Amino acid sequence: VEDQLRSQGLLPASDAPAAASMPALSADQALVLLREIPATDNRTGVWDRIRKEAKIDDVLARLARLVEEAPRNPDAHVELGLAYVQKMLAMAEGAEKARVGEQVDAAFTAALEADPNHWHARFRKAEGLSYWPPLSGKSGEAIHHFETLVRQQDSTSPRPEEARTYLYLGNLYEQQGQFDKAAAIWAKGIQRHPGDSGLVHKQQSSRR
């Protein structure tokens with residue numbers, strides 16, 4: 001990420017003095033940097049830079065305009081949802097954070113309306129629902145989306161990021177006391193992703 005930022009002139013060269021000043025990051029420059037990294041990969045470095053320069057609202061406004069220009073583009077909705085996630089992470093608990101959380105969910109829902117088979121949109125929607133407390137009643141909806149993803153993944157070659165589907169779904173089954181179903185979905189995940197440490201850990205701990 002640092003190399004990408006330096007290539008855009010947004011970080012000083014590695015041998016430059018630490019105190020060297022950096023140009024301000026514009027919303028368009030931030031989008032260029034984000035697009036250089038797949039949405040399923042780790043973008044922490046870029047988002048840290050955006051957050052440090054207090055540019056999240058500018059990026060959100062730019063992404064919202066892109067959604068208005070291409071309302072049937074699921075990727076545009078996903079990017080907007082991911083930006084709302086970053087805004088929410090920087091907020092204190094309260095009504096405003098809850099409102100932003102609703103915007104996150106709405107963005108991923110819009111992406112799925114444009115493309116029901118959009119893996120990342122459905123995963124992010126399911127992931128968000130899984131964080132709600134059990135009494136919220138959101139667990140069943142999260143399970144539905146993760147089960148849909150499992151069926152979708154079964155028809156394609158495994159990709160590393162898809163291991164999380166089995167991990168999250170098993171965790172939800174476990175929370176509901178469906179331990180056999182949890183163990184079975186973790187085992188299925190390991191068959192497709194034998195090197196995933198999270199799945200291996202859950203399978204081993206469930207046997208104790």
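In the set (1) modelled with pLDDT of 95 or more; (2) more than 23 Å from D57 (Cα to Cα), P74 fails one condition alone, (2).
Is there a residue in the stretch 140-149 that is more than 16 Å from E127 (Cβ to Cβ) and in a helix (DSSP H, G or I)? Checked the stretch 140-149: no residue is more than 16 Å from E127 (Cβ to Cβ) and in a helix (DSSP H, G or I).
Of all residues in the stretch 159-187, those that are touching a residue at least 12 places away in the same chain (Cβ under 8 Å), over 16 Å from the mean Cα position of the chain (by Cα) and open to solvent by 70 Å² or more (accessible area, probe 1.4 Å) total 3.
A count restricted to the stretch 141-158 and to residues that are open to solvent by less than 40 Å² (accessible area, probe 1.4 Å) and either modelled with pLDDT under 95 or within 11 Å of S130 (Cα to Cα) (or both) stands at 4. Applying the criterion of at least 1 residues that are over 21 Å from E127 (Cβ atoms) to the helices (runs of 4 or more DSSP H) found wholly in the stretch 36-112 leaves 44-52, 56-69.
The values are calculated or read from the model by the stated rules, or taken from the named source; none is laboratory data. Predicted model only: the values in this text are computed from it and were never measured. Glycine gets a Cβ as well: all are built from the backbone with ideal geometry, and neighbour counts include every protein chain shown. Side chains are part of the model used for accessible areas, which takes the heavy atoms of the whole protein and leaves out ligands, DNA and RNA. Shrake-Rupley method; radii C 1.70, N 1.55, O 1.52, S 1.80 Å.
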